[in-house]
């Protein structure tokens, strides 16, 4: 487990559907987190319910380590920076940001504060967080969804928030986000240097002339356009070699007449 | 409907679970998109199946306007920049980025190209996209999830990709765009759509075969490598026209023997 990922807690306040708790466990695990806390769930045995188990899928370890507490104060006891994830705007309340900004603020906080603990707090499926819940958080954050249809369920909202945190934390820790292809890296895939590309362009000009496409008496803008097209993206060593093989074949075919 | 949001299509290749199609419709609608295209779904009546309807929830309008086509080529016919969203790394294939970079590349493409159409292509639930599917896309993109547990289903993957596109497109739209180049824009400089590029690749294969470069009995990886090379940067209409002129010249030269 990566250190900053241990410093993030997800809190669901009064969840009523066991399936959503299972889906939440899965969502946070896919993003590398594992700390899920439930505040007074509707069903005390929510973790054992079949829907929770089946929707958690391979994240039953997260489900098994879920903390159940009686109040949001308890859930936030060790937390140094809590975000209330809400859909509704509040007239009076903590400063508002979106989930990407929340991830950046969290990341900065974790870097600056040795004992940092960040929480993302979600409300009930039906009514969201109360003003009292929000008041226990330092910040409010939103997911700027389609205003005409912002129907994200709690697991989806949590998935997006966890993704934003993962992306920002991993980038900051310069943890490689994509699997390394180091082992597969092949020298031929590297960009060819300018002199190799120029030698190919000379060969190419000869080949397209010999097949009768480029008329040296009326070259128009063919070669500048070819240069522009091939040059837009760096050609690799292997690609230049392949294209030179094609040049040779074109010239040979043209001379066989 | 916001203009750039109309320029993005989501494509599901061979979806087998109607519930996933419904959830996908909902996911893209929450992010402000509406163009969903299915390639040869397992159930031809997938849109009418109860699971599709119930998981689409309030997005039945998106479901009702879903296009069903027989092949990925058809789905990408009007598309100028397609991303294959895959979990597996490919040894040979289009350049790889993550979904945030994909959103940024898409946004830039939409700003630069008046007829831009971007697609995000997802594979089947079980096996993902084939190499042939990926070869029809200009880019591969990944969701850098937890490497120990990256179990995102297609609707969740699509939700995250749609979110990234929404966030980037919406941010870009609120920033004053670069001075319009409408007056100077030359239609031939615009990116060629997928069907035009595919027709050129067929012609190119014929041309490099006739000059004796491609041996149909031993094609090696020549065509995938050619696709990869030409696909890396969107070819313009004028470039495709130029290259087709070259194909014709090559075939003529080879046949003059």
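The values are calculated or read from the model by the stated rules, or taken from the named source; none is laboratory data. What you see is a predicted model; the values in this text were computed from it and never measured. Please note: Cβ atoms are built from the backbone with ideal geometry, for glycine as well, and neighbour counts cover all protein chains shown.
Looking across segment A:113-129, just one residue is without any contact (Cβ under 8 Å) to a residue 60 or more places away in the chain and within 14 Å of residue A:152 (Cβ to Cβ), and that is A:128.
Within segment B:106-148, restricting attention to residues that are surrounded by fewer than 19 Cβ atoms within 10 Å (Cβ to Cβ) and within 12 Å of chain A (Cβ to nearest Cβ), the residue that is farthest from residue B:229 (Cα to Cα) is B:148. Which of the residues that make up segment A:16-64 are more than 27 Å from residue A:171 (Cα to Cα) and either part of a loop (DSSP other than H, G, I, E, B) or outside the structural domain of residue A:163 (by TED's automatic domain parsing) (or both)? The answer is A:16, A:17, A:40, A:41, A:42, A:43, A:44, A:45, A:49. Scanning segment A:208-229 for residues that are more than 9 Å from chain B (Cβ to nearest Cβ) and either touching a strand residue (DSSP E or B) at 6+ places or on another chain (Cβ under 6 Å) or buried (at least 18 other Cβ atoms within 10 Å of the Cβ) (or both) yields a single hit, A:209. Hey, residue A:147 hits all of (1) closer than 16 Å to residue A:84 by Cα; (2) out of contact with any helix residue (DSSP H, G or I) (no Cβ under 9 Å at 6 or more places or on another chain); (3) modelled with pLDDT of 85 or more but one; which does it fall short on? Only one criterion in (1) closer than 16 Å to residue A:84 by Cα; (2) out of contact with any helix residue (DSSP H, G or I) (no Cβ under 9 Å at 6 or more places or on another chain); (3) modelled with pLDDT of 85 or more is unmet by residue A:147, namely (1).
Answer yes or no: is there a residue in segment B:57-78 that is touching a residue at least 60 places away in the same chain (Cβ under 8 Å), crowded, with 22+ Cβ neighbours inside 10 Å and within 14 Å of chain A (Cβ to nearest Cβ). No, that holds for no residue. Scanning segment A:1-15 for residues that are part of a helix (DSSP H, G or I) and in contact with a helix residue (DSSP H, G or I) (Cβ under 7 Å, 6 or more places away or on another chain) returns A:4, A:5.
Would you say residue A:99 is within 23 Å of residue B:160 (Cβ to Cβ), crowded, with 22+ Cβ neighbours inside 10 Å and assigned by TED's automatic domain parsing to the domain that holds residue A:151? Yes; evaluated as a whole, the condition is true for this residue. Considering (1) surrounded by fewer than 17 Cβ atoms within 10 Å (Cβ to Cβ); (2) within 13 Å of another protein chain (Cβ to nearest Cβ), the lone condition that residue A:32 does not fulfil carries the number (1). Quickly run through segment B:149-158 and pick out the residues that are at the interface with chain A (Cβ under 8 Å from one of its Cβ atoms) and surrounded by fewer than 24 Cβ atoms within 10 Å (Cβ to Cβ). Passing the criteria: B:149, B:150, B:151, B:152. Across segment B:235-254, the qualifying residues are those that are facing another protein chain (nearest Cβ under 9 Å) and under 18 Å from the mean Cα position of the chain (by Cα), and the one among them that is farthest from residue A:244 (Cα to Cα) is B:236.
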